[in-house]
Amino acid sequence: MKRLDQQVAIVTGAGRGIGKAIASHYAREGAKVVIAERDESLGKSLTQDLSDAGGEALFIQTDISQLADIADLTARTKQHFGGIDILVNNAAVTKSLGFFDVSEADWEWIHGVGSKGLFFCMQSVAAVMKEQGHGRIVNIASIAGKGYPSTSNIAYAGAKGAVIAMTRIAASTLAVDNINVNAICPGVTRTELYYEVVKGKMKTLDKSEAEIIAMFDGTIPIKRSNEPADIADLAVFLASKEARNITGQSWNVDGGLVCD
Ligand SMILES: NC(=O)c1ccc[n+]([C@@H]2O[C@H](COP(=O)([O-])OP(=O)(O)OC[C@H]3O[C@@H](n4cnc5c(N)ncnc54)[C@H](O)[C@@H]3O)[C@@H](O)[C@H]2O)c1
């Protein structure tokens, strides 16, 4: 039997990067996966790939910064699959910004998706999980939320710190309903977002791409940045029955950058 056989899982921001790896790992482990992605072509293309590989996947175009989209995501998932067992809150946005360059619009953009959107996804889906009497929530935070200084910007670090705190509060609130809530804090992970941050740092630090990548990798104790699959492996475990007694934790996957 596969580890997530017949489980219904929503993955936000699943169109590329870490979310795509999680959705693909979940489908491989037998889950029915809802691709909750803002970008229509990315969402449709992954849904097709997962279906072609023999999995069951549904694309629901969703902008998690919009509460109406979140309500629609929850209602349509419940209607289509009859329940929701797992929610992976992965979608987030950022860009490389200096401390004095963060504008109000940057703050609202980053927090609108990364902390506000994530909270209302938890609230909406947890209501369904509460009715069912079980559920798993995996929030993708970041070591930036624990003060890792080479973050893309301070507003992003603040949003990720909020994710870690909300994971704890949600875990203690929802434990009575048999809902486990954990966070994964990735370190440097080679996704499209990573290469966008590299480009930004090239400008702000006036260095080449190779120099910035060497700068990031050189600081990692294990000297290896993550592949998205490194995060997806832990996301499978946290959604599996083996993790039934783990809740409220924030797990670093970072080659040893932050030890806490
Ligand atoms: N890449 C890293 O080094 C790194 C490190 C630490 C944490 N993280 C976190 O991991 C998660 C995934 O990062 P990634 O590198 O794969 O990012 P990415 O930018 O490559 O992918 C993010 C996906 O989310 C989608 N998305 C963006 N805004 C959305 C919204 N409002 N609604 C729905 N979908 C939306 C995008 O279209 C994209 O498909 C994020 O939470 C990020 O903060 C990444």
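Data for the structure
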{"item": "Aspartates and glutamates whose Cα lies under 14 Å from that of residue 130, excluding same-chain neighbours fewer than 8 positions away", "result": "85, 177"}
{"item": "Cα Rg, Dmax, the range 120-260, angstrom units", "result": "16.6, 54"}
{"item": "Modelled FRET efficiency - R0 25 Å, residue 76 with residue 134, Cβ distances, 0.05 increments", "result": "0.75"}
{"item": "Rg/Rg_globular for the range 63-115, with Rg_globular taken as 2.2 N^0.38 Å and Rg from C-alpha atoms", "result": "1.51"}
{"item": "Cα-based shape type of the range 32-78, given that a ≥ b ≥ c are square roots of the gyration tensor eigenvalues and the cut on a/c is 1.5", "result": "oblate"}
{"item": "Where labels lie 7 Å past Cα in the beta-carbon direction, separation of residue 53 and residue 210 in nm", "result": "3.3"}
{"item": "Helix axis angle, 67-81 relative to the chain longest principal axis, alpha carbon, degrees", "result": "40"}
{"item": "Reachable lysines from residue 146, criterion Cα separation under 27 angstrom, eight or more residues apart if same chain", "result": "20, 95, 116, 160, 199, 201, 203, 207, 223"}
{"item": "Of every Cα-Cα pair in the chain, the percent that sits beyond 34 Å", "result": "13"}
{"item": "Summed side-chain charge close to residue 176 - residues other than residue 176 whose Cβ falls under 14 Å, Lys, Arg +1, Asp, Glu -1", "result": "-1"}
{"item": "Cα pair distances exceeding 15 angstrom across the range 1-109, given as percent", "result": "62"}
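Only the coordinates and a few stated rules stand behind these numbers; no lab work does. Since we're looking at a predicted model, the values are computed, not measured. As a convention, Cβ positions derive from the backbone with ideal geometry for all residues, glycine included, and neighbour counts pool all protein chains shown.
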